[in-house]
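Just below is one structure, and these are the notes that go with it.
The values are calculated or read from the model by the stated rules, or taken from the named source; none is laboratory data. Only a predicted model underlies this, so the values are computations on that prediction, with no experimental measurement involved. Because the Cβ atoms are built from the backbone with ideal geometry, glycine has one as well, and the counts that use them run over all protein chains shown. In case anyone asks, the SASA skips ligands and DNA or RNA and just uses the protein heavy atoms, side chains included. Shrake-Rupley method; radii C 1.70, N 1.55, O 1.52, S 1.80 Å.
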Amino acid sequence: MPKTHLKRVILFLLLLMSVHFLGRAQEPDTGTVINLITYIQQLENEFDVKFSYADEDLRPISINTPQSSSLDSILKDIENQTQLTINKLSDRYYTLSKDSMVDICALVLDNFEENTVTGASIEVVGSGIATITDLDGSFYLQNIPRNASIRIKHIGFKTRYVTAEELLSRNPCKTIALAIFYQQLEEVVVFKFLTTGLSKEFDASVLLNTKDFGILPGLTEPDVLHTVQALPGIKSIDETVSDINIRGGTNDQNLILWDGIKMYQSGHFFGLISAFNPYLTDEVTIIKNGTSAQYGDGVSGIINMQTKNRVEGQYFGGAGFNLISGDLYGHIPITDNMAFQFSARRSVTDFLNTPTYNQFRVRAFQDTEIVERDENFYFYDFTGKLLYDINDRQQLRLSFININNNLDYMEIAEDMGRRNESTLDQANLSFGGTLESNWSDDFMTSINGYYTRYELDSRLSTNNGAQILSQNNQVIETSVKLNANYKVSGTLNWLNGYQLTEVGITNFTDVSQPPFNNKTKGVIRTNALYSELGYVSTNQRFRVRGGTRFNHIENLGTFKEFIVEPRVNINYTFADYFRAELLGEFKNQTTNQVIDLEQNFLGIEKRRWILSDDNLLPVTRSKQGSIGLNYDKDNWYTSIEGFYKEVDGISTSTQGFQNQNQFNGEIGRYNVKGVEFLINHKSSFFSTWLSYAYNVNNYTFDDIVPSKFPNNLDIRHQVTFASTYSYNDFKLGIGVNYRTGKPFTEPQAAPNALDTTVFPNQINFREPNSSRLPDYLRADASAIYDFDLSPSVRASAGASVLNLLNKRNLLNTFYRLNDQNEIETVESISLGLTPNVSFRISF
């Protein structure tokens, strides 16, 4: 090193040392720390005085040596530091005693960079006394029991417990350091995916965080089942949330979970409205492929909803209304480690007609055979959740949900003296619980159990009660699931588990004239073992998750089957901005929905759950593989994914045929192959995206001629173009959805359209799904404005319009014979221009 450089370095070091020692010289000397009893003994010798005290009270106390030379000042300093009471009995004798109540204070810092921790929750355990740290990280409490336990917690830090005596108020207050809480989470690939609150994960799943949700065209609220339809490959062909199609599959092939509970009902108003309150729903995970081995069911996809899962020390909640319903929700702390959450919603449709309700009503009842006369329709749902933190390492959660639809309908034909009455009750009641235990930093377990009950009751009385049709569909499912997760190393994770599920389904039909009665009941029990390894390379670029699920299925009294399901999920990041993914899975399910009596009961509620029996309906199985490439740099995100899926063990009775194959019950399969593309550009205020999906979806039924033909859900091309704008508290969204028409089956041309050689006469159809509906086009828009009503109350006003251009889209076409033995065409038309407004408050 050159001498000039060496001299500069030495000079710089000397300067630093001088500043350091100068700073130390200017610091006040606060004295050394000494045990209080030892110091009192020194005072007795120095000032010739005597102190009376209980050794056990003073033994654990230490103080900073007072700097005063006066005995009175020293004793005052000791009182300030220890909050002991010192009484002077005479010039020579003093007593020291503890007060039962003390004042405490502290400065809370993080132990990493020693930054102040603002807003940390300070709770006196068991007393209901609580506060939070102020802007400089400090707090002060008065009249606290000296032996009280103080809990200090903050998101992102490990909870810390100290005694009140450790925090006795003094100058300066004691410093408390919180350890940062590290939790290994799946990293997010896209921070802002389409809109805020939507993110794509490294395992190719999509995460919806409702708290951070921005805006989507046509929505003013983060409706879960409407929002998922913004993703490529997920659509509802009939515009309902109860019939969501993931990569060409039917809705009953989706596994819908709410707090780990399988749901058999997902919509209100015949599927036009989601049945799940979004304001206590914290996160929603959408999985199309590459499913973890811990999940069974759902051969098409998974929608996994998780409500808020953290015990908060403060109340919060909200309420709101729109032109269909009103709702409220809340979080109520019970103790420092227990809270209760609730939500409730009810429609206004039975006492208030709104433009939105009128459009929904037209959409729901348009293909009925009767003319509307009088109706009474309403729905409600409510949820509850008890959150209990047993200790720092164990959490217990208990949840329940109730969903209900009710319809009373009456038609009176005065000129004919005829009255028809219809009633419908549809309900889903579920209870569930989860116990999570972190036995160490590397090993944790969770136990989940639930009971769910779905019931559909319908009654149709025609011709003044001359004929009465009663139908009932009931599903009861119970399940228990154990997960054990072990972190083998910093890069390797091992998940093992077991799940026992029992589902029983009953279907009952009773007709008064001509007399007919039928009741079927079945029970299936499934035992599943699964094991899965997850690996993440040290540079975070390579991730792989692979596992197998072993299923033993038993339909009590009918059949037994053993099914092995491998799963794989591989992701690799290269060139910094590119990520490739390879996904694959085998899955099965034993519950399906039949389209029972397609043109019966107002034509609106036709789906009924049934069990596989290895005869009329085998176990439905699927296998799927996909490969994708993602690009994410600066404000641009692009993805392309190709996939192939095959689903075997389907029946024509579960697919919704409305032709010559409607009631035959042939068993077959379908396969769908396609490509999904998305490009998204984001800026500070705008997010604009274009998505495109191409699918070829075909049935194969060996007993039908021809054996191969287009799937009822074969939508070859789907395009979505949308843009959102956000500035401060204002958000605006507008978008356009286009898709090609779905297949349907037309009658043969006259005079061969009707077969009169049989009784009753039948329609002669052309080849299955040989025709297509016209293309579908719909534009939607929405706007939201957030503002403060008070310092603690936030408000939001929104407006939306579905089908902004009021385009008449044809959703479905089928044919039937009327009373005159003529073929009539029944068309299902999309929602017309449908406005809605909403207003919400939160606190």
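What to note about this one:
- In segment 235-361, a dipole from Cβ-located charges (positive for Lys and Arg, negative for Asp and Glu) runs towards its positive end, and of TYR329, ASN254, ALA319 it is ASN254 whose Cα lies farthest in that direction.
- Listed cross-link partners LYS158/LYS633; LYS211/LYS235; LYS153/LYS682; LYS158/LYS587; LYS633/LYS731; LYS560/LYS645 are compared with a 28 Å cut-off, the Cα-Cα value being larger for LYS158/LYS633; LYS153/LYS682; LYS158/LYS587.
- Rounded to the nearest 20, the size of the Cβ-charge dipole of the chain about its Cα centre is 1840 debye, with Lys and Arg at +1 and Asp and Glu at -1.
- The chain: relative contact order in percent, alpha carbon pairs under 8 Å with at least 6 residues between: 8
- Computed from the Cβ-Cβ distance with R0 of 30 Å, the FRET efficiency linking PHE685 to ALA580 stands at 0.40.
- Residues of segment 40-76 with amide N under 13 Å of a point placed 7 Å along Cα→Cβ from TYR93: 50-53
- Counting only DSSP beta bridges whose two residues both lie in the chain, roughly 95 percent are antiparallel.
- For LEU219, net neighbour charge (Lys/Arg +1, Asp/Glu -1) across residues whose Cβ lies under 12 Å away: -2
- DSSP bridge orientation in segment 770-819 - percent antiparallel, rounded to nearest 5: 100
- Structure-derived Kirkwood radius over Cα pairs in Å: which label, when the choices are [x] 28.6; [y] 31.3; [z] 27.6: [y]
- Available extension along the chain between ALA54 and GLN314 is 89.5 nm, counting 0.36 nm per residue and deducting the alpha carbon span.
- Each stretch of four or more DSSP H residues adds -39500 (n - 2.57); spread over every residue of the chain, this sum gives -2500 deg cm²/dmol at 222 nm.
- Per atom type, segment 686-756 shows carbon and sulfur on 58% of its accessible surface, probed at 1.4 Å.
- Fraction of alpha-carbon pairs over 20 Å apart in segment 736-843 - percent: 61
- Put simply, when 63-70, 427-434 are sorted by average Cβ atoms within 10 angstrom per residue, most first, you get 427-434, 63-70.
- 1.4 Å probe accessible area per residue over the chain, in Å²: 46
- The packing ranking, built from the mean of other Cβ atoms within 10 Å per residue, places the peptides 757-770, 619-632 in the order 619-632, 757-770, highest first.
- Between the beta carbons of ASN35 and ASP282, assuming R0 = 60 Å, the FRET efficiency works out to 0.75 to the nearest 0.05.
- Percent RCO, i.e. relative contact order, over segment 68-122, from Cα pairs under 8 Å lying at least 6 residues apart: 18
- Chain lengthening between VAL125 and TYR738 when straightened (0.36 nm per residue, less Cα-Cα): 214.9 nm
- Full extension of the segment from SER73 to LYS174, taken as 0.36 nm per residue of separation minus the current Cα-Cα distance, would add 34.2 nm.
- Dipole of segment 450-565 [Lys/Arg +1, Asp/Glu -1 at C-beta], most positive-end residue of THR506, LEU495, TYR451: LEU495
- For segment 425-556: span of alpha carbons on each principal axis (Å, largest first): 75, 28, 24
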